[in-house]
Amino acid sequence: ISKPDALEEWDRLTQDPEYSVNLTPVFRASVIDHCLLYAKLCADARGEAPMRADERRIFAGLRSELGLSPASQNKVKVAPKKVVSKWDKLG
């Protein structure tokens, strides 16, 4: 597993301003698993090591659970952005 690929994916998820607000410590293990499997997917794409079928199924399941696939994005509730009006600033 390429640690840079896994860390890049970790940074992408945890630093995304909209997605990261939904990540709580409860999801840490799932996000770690996703990042490690993402690194295996990258290695497979580079022809370094094939990703097993069971790993692909687990990766797909994690993507769905974490709202990272197009079909599952509508299932993830993004915290609403607070709109600050000019009246709020007076208070």
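Some points to look at:
- Inter-site label distance for ALA49 and ASP33 at 7 Å from Cα along Cβ, in nm: 1.9
- Applying a DSSP loop filter and a limit of 10 other Cβ atoms within 10 Å to the GluC sites (Glu not before Pro) in segment 1-38 leaves GLU18.
- A DSSP coil position with no more than 16 other Cβ atoms inside 10 Å describes the following trypsin sites (Lys or Arg not before Pro) in segment 1-72: ARG46, ARG52.
- Computed 3J(HN,Hα) for segment 29-43, one whole-Hz value per residue from the Karplus formula 6.51 cos²θ - 1.76 cosθ + 1.60 where θ = phi - 60°, is 5, 5, 5, 4, 4, 4, 5, 5, 6, 4, 5, 5, 4, 4, 4, glycine and proline marked x.
- Sulfur and carbon atoms: percent of accessible area, segment 1-65 [1.4 Å]: 57
The values are calculated or read from the model by the stated rules, or taken from the named source; none is laboratory data. What you see is a predicted model; the values in this text were computed from it and never measured. Cβ: placed from backbone, ideal geometry, glycine included. Neighbour counts: every protein chain shown. Remember, those area values only see protein heavy atoms, side chains included, never the ligands or the DNA or RNA. Shrake-Rupley method; radii C 1.70, N 1.55, O 1.52, S 1.80 Å.
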